[in-house]
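Okay, so here's the structure we're looking at.
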């Protein structure tokens, strides 16, 4: 499974799908989904550059939602490369890995689900997650960044879940974390309400704690922390509208340096995330 994930990550990392140009990576995702359509896998484009992949599964369970963002930060300026540099070494990979790693993990689990007894999956691929490039160099976005908004992909796909009456077991964002500063590690972000200066209801806190206990049973050594990404949007928007609270977390392997052209991620951390997600699914 890890070799398949690394192949997907390499392909995704080399595509210059910078913020507002996420459609450049759509053909690769479509190429992964196409052979799986005979197994009932579907792909839908939602409002601009967002994609939703649905994978049938064990109908006795609620679906699980996975999320990764499509966009990368443009570190190259106007003269962007046709193929973004990527390198694999013995224990790590290097390139534009935020969020190529999350994309590769999601694509691998979509394929793995066909031969496994997973819960049904909704895999959400979001546009415009990155804020750094959007704030610092809006001129590199389409239309100079006019009418674009950071986090808009997560907002659109949170609405999609609500409007389609999808009631998931959990919403799991897969991204990369800078918290380990060059060391190996996997982090879980869970308390989305902290960034909105909110207090969770008893039910929200309970389902979150119970889901974290499930994760700990399979991997007791992850670091529980918090940081900003699409998971905050899903946590707030979905739980504001859901009939029942849903645990929303982010699962993230370490990345270093962060928001740079030469980001590095340890292969063992990617495998650790894959193993944990497979156990949950």
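Among 121, 43, which is the only one that is touching a strand residue (DSSP E or B) at 6+ places or on another chain (Cβ under 7 Å), crowded, with 17+ Cβ neighbours inside 10 Å and without any contact (Cβ under 8 Å) to a residue 60 or more places away in the chain?
Matching residue, one of 121, 43: 43.
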Region 69-82, residues that are assigned to a loop (DSSP other than H, G, I, E, B) and in contact with a strand residue (DSSP E or B) (Cβ under 8 Å, 6 or more places away or on another chain): 70, 71, 73, 74, 80
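Let's see how each residue does on (1) outside any loop (DSSP other than H, G, I, E, B); (2) in contact (Cβ under 8 Å) with a residue 24 or more places away in the chain; (3) in contact with a strand residue (DSSP E or B) (Cβ under 9 Å, 6 or more places away or on another chain):
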residue	(1), (2), (3)
20	no, yes, no
27	yes, no, no
30	yes, no, yes
38	yes, no, no
58	no, yes, no
67	yes, yes, yes
Are there any pairs with C-beta distances below 6 angstrom linking a residue in region 141-166 that is over 30 Å from residue 244 (Cα atoms) to a residue that is assigned to a helix (DSSP H, G or I), with the two at least 6 apart or on different chains, and if so which? 144/138; 145/138
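If we keep just the residues of region 91-118 that are within 10 Å of the chain's Cα centre (by Cα) and assigned to a loop (DSSP other than H, G, I, E, B), which is surrounded by the fewest Cβ atoms within 10 Å (Cβ to Cβ)? Spell out how you get there, then give the answer.
Keep residues of region 91-118 that are within 10 Å of the chain's Cα centre (by Cα), which gives 98-106.
Adding the requirement that they be assigned to a loop (DSSP other than H, G, I, E, B) leaves 98-99.
On the way: 98: 27, 99: 31.
This residue is 98.
Where a number appears in this text, it was derived from the coordinates with a stated rule and is not lab data. Here the structure is a predicted model, which is why all the values come from computation and not from measurement. Virtual Cβ from ideal backbone geometry, glycine too; neighbours counted across all protein chains shown.
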